[in-house]
Structures are given as C-alpha cells and as structure tokens.
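Since every read-out is calculated from the coordinates, none of them should be taken as a lab result. From a predicted model like this one, the values you see are computed outputs, not experimental measurements. Positions of Cβ are generated from backbone atoms using ideal geometry, with glycine treated the same way; all protein chains shown enter the neighbour counts.
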Amino acid sequence: MKECIAFFSLMALMIFFSGCGKTHSASAPEVSLPPASLSVWERPDILEKGTESGSEGLGDPAGRSAGELVGTALEIYNWFAEGRMPLAQRTQILVHLETGEEETFQLVDSPYFSNFEQMKEYLRNYFSEEIVQRLLDQYPVCRDIDGELYMLVTDEKQEDFLKEVAFSVEEERESFIRLSAAVSDEQDPQKTRRYEFVCQKVDGKWIFTTFACDWQ
C-alpha cells in the first residue's frame, strides 16, 4: 500500500514538472509551467464550464504524450490516496463505530461536486466503474455529512523511495491506448518496476480501464 502511494506521489510530481512536451519521458523542469500543466482545480478551461466539465473526461488523446494522458487522472487518484482535495475550514467530528475513536472530517471545497454521488459520477468520466469502486473501497476517506461531502483529515506521511519515472506509449489503436511507466527505486537504482495504464474509448468517451496499482 505504501509503495503504491509513494509511486503515485512521485509520478504526480514528475508529470507536474514535465510540461506539455510530446516526449514520452519525465524529466526535471527547465521552463515555467505551461497552462496544460495546471491542476484540474486551477485550469480556466475547466472552471469556466462549471461542474459539467467532467463530462469531457480525458478528452481526445490524439497527439498527447503518455505523461499528459496519465497526469490528470493521476491527480484525481491522489485526491484519495493522499487526501489532496482542497478543503474548506468547516469540520465535523464523528465517532468511529468500531474503534470508538473520534475522527475529524473537513468539508470538500470542489467546483465539480458537492456530495458523494456527484463525486462518483465525476470519477466515472476518467475511470471504469471497477476502478472507481476499487478506489473508493481502498481509500474510504470521503462521506456525506448532512448532505455535503467531507474528507477524513489525516496527518499520515508516506515515505517516497522512488527516484525516476519514464513514460511510454506501448500500443495505440483507434479506441485503445496502452501506456507504461518504468520506475526506478532510490534504494536500489538497478531495480526497475513497470506499471501499466490502459485507456479505452467506451460509449464515445475515453476512460482508464487499467490504472497502475490496480493490476499489481
């Protein structure tokens, strides 16, 4: 689990700094970030369209690099893996039914959804139903409280032992793209792991049907 989260952390960081070049490998930043590298919370093309913008999902993948295709979905995945959603100041304290311990939840401040069902619908614009359900089951950090979406507040920090990520487009057809990420381990530079991502066009919309840790 921790290796999976560390992998997503590093990939998100490297995609963020890779810009919008058409190369298939991530590298250190050399120029200022272009608009295409902005967070989905900040991109003006999305915010101007409001909450329905998620219906576009990944959009048309033609001419985009492997890192670009993975980038937006990776950020969304990390909302749950690392609790990266923007949060408002309002909090609610609930008692865990099994442990009896108090848990602090913070209101999610999203321009795209305001409750759990809306959030699930948004996720379906990027991931298959199976991945959406697995993601929510693996990271049960969001819940509705009084009809509004809250996220569990946690201070847990994940160690990052990953050093480099190189993205590649392995196969591309009319309605299918298979991508990979080769990851080197900081503790063992000779050790490389490969992760697979598959995008497919389903009902006229491109979504991920395989997403890295889901197939380990």
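Sort the following peptides by mean Cβ neighbour count (other Cβ atoms within 10 Å, averaged over residues), highest first: 69-76, 130-137.
69-76, 130-137
If you stretched the chain out fully between ASP60 and VAL95, how much longer would it get, using 0.36 nm times the residue separation minus the C-alpha to C-alpha distance?
8.1 nm
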Next item on the list: Mind giving me the nanometre distance, one decimal, between the label points for ARG173 and VAL153, set 7 Å out from Cα along Cα→Cβ?
Entry: 5.0
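Give me the percent relative contact order of segment 102-191, please, defined on Cα pairs under 8 angstrom at least 6 residues apart.
On the way: 94 pairs, mean separation 21.9, N = 90.
The normalised contact order for segment 102-191 reaches 24 percent.
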